[in-house]
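Before any comments, here is the structure.
The values are calculated or read from the model by the stated rules, or taken from the named source; none is laboratory data. Bear in mind the structure is a predicted one, so any value in this text is a computation, not a measurement. Reconstructed Cβ throughout: ideal geometry from the backbone, glycine too, with neighbour counts over all protein chains shown.
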């Protein structure tokens, strides 16, 4: 079987959770005998050589839309359907905040896409997207799909509600790389708070720093600043107390040691469909604090402390509660058994076979 993965043009230049999801799914599919190619732009493609096309990241429809008419193969979609409208309304400033509180979230995403094309020279935006706009482009892509592969029932419900489209679906949870993140040492002495993720407003590290200021607990932030969030990164550096340490991007293999030492991992984002770094942290024996915005409660249940990203006090309270609690490894065992990329790939392949039999 030969499959083509298609996503945003900045998939590898601005790495994110979708990058990891695609890379790890492809890696595990290859172990199962599936040949996987990646396309992140409008390169001329011989679609005939593929058995199936797999789209990722529905909120960037401009990159997906050009392939629909030319592709005569079954299409599946991993939506990664995030909703950053609350962040746009609450945490941005100036014209962006004014627009977020004036126009619809789809209209705002349309403007942001045009800005990425005009200012950043982002490729892969065809004329159809300019004509259709954000919402109609997403609907057109969803209608073209043979099946949708959401990360959770919660994500599927939000997608169905937002666009009033029902399609065959197969829930495929995100995972961890068990060759790296497994067999935590639960008896070792742990200390400090860790946050792994790109430094950007969406991930909300500034409010995390504010929550940690004044506490006698070290905070380690691991991640590169996003290219368009350098001012935010500088503000984080400016407001950080002596207990805060910044470390640039590192590989997952390098991250393992930091997870193994930290007592609490915090991801206070404005929205998460899952939170890959939280999955990894749990598997490595950390307590976790995670946003209550998005689909996180379905994934982590009662095994996490939840925080309101808008409230510094909520973040601080959740951190202190997690820091002082005794670890119950039931959640870690659940992640190691049910949330792995190997299992995700096997479920994905079963879906492929169902569609092309």
*Residue check, residue 133 on the phi > 0 side of the Ramachandran plot, in contact with a helix residue (DSSP H, G or I) (Cβ under 7 Å, 6 or more places away or on another chain) and either surrounded by 14 or more Cβ atoms within 10 Å (Cβ to Cβ) or modelled with pLDDT of 95 or more (or both)*: yes
_Just the residues that are modelled with pLDDT of 95 or more, buried (at least 16 other Cβ atoms within 10 Å of the Cβ) and within 25 Å of residue 11 (Cα to Cα), please, taken from region 237-257._
246
*Return only the number of the condition from (1) more than 23 Å from the chain's Cα centre (by Cα); (2) modelled with pLDDT under 95 that residue 143 does not satisfy.*
(2)
*For region 320-337, state whether one or more residues are crowded, with 23+ Cβ neighbours inside 10 Å and modelled with pLDDT of 95 or more.*
no
*Answer with yes or no whether residue 275 is surrounded by 16 or more Cβ atoms within 10 Å (Cβ to Cβ) and either in contact with a strand residue (DSSP E or B) (Cβ under 6 Å, 6 or more places away or on another chain) or in contact (Cβ under 8 Å) with a residue 12 or more places away in the chain (or both).*
yes
*Taking residue 310 as meeting all but one of (1) part of a helix (DSSP H, G or I); (2) surrounded by fewer than 22 Cβ atoms within 10 Å (Cβ to Cβ), write down the number of the exception.*
(1)
_If I ask for residues that are surrounded by 24 or more Cβ atoms within 10 Å (Cβ to Cβ), assigned to a loop (DSSP other than H, G, I, E, B) and at pLDDT below 95, which ones from region 58-83 would you list?_
60, 64
*Odd one out for residue 30 among (1) buried (at least 18 other Cβ atoms within 10 Å of the Cβ); (2) not in a strand (DSSP E or B)*: (1)
*asked:* Could you go through region 187-205 and let me know if any residue there is at pLDDT 90 or above and within 30 Å of residue 356 (Cβ to Cβ).
replied: no
*Count, please, the residues in region 204-220 that happen to be part of a loop (DSSP other than H, G, I, E, B) and either more than 20 Å from the chain's Cα centre (by Cα) or not assigned by TED's automatic domain parsing to the domain that holds residue 278 (or both).*
6
_Only listed residue being more than 22 Å from residue 256 (Cα to Cα), assigned by TED's automatic domain parsing to the domain that holds residue 260, buried (at least 18 other Cβ atoms within 10 Å of the Cβ) and in contact (Cβ under 8 Å) with a residue 60 or more places away in the chain, chosen from 197, 201_ = 201
*So residue 128 clears everything in (1) part of a helix (DSSP H, G or I); (2) surrounded by fewer than 20 Cβ atoms within 10 Å (Cβ to Cβ); (3) free of Cβ contacts under 8 Å to residues at least 40 places away in the same chain; (4) more than 19 Å from the chain's Cα centre (by Cα) except one condition, right? Which one?*
(3)
*Only one of these conditions is not met by residue 190: (1) part of a loop (DSSP other than H, G, I, E, B); (2) more than 21 Å from the chain's Cα centre (by Cα); (3) more than 30 Å from residue 236 (Cα to Cα). Which number is it?*
(3)
*What number of residues within region 321-334 are assigned to a helix (DSSP H, G or I) and either within 20 Å of the chain's Cα centre (by Cα) or touching a residue at least 12 places away in the same chain (Cβ under 8 Å) (or both)?*
7
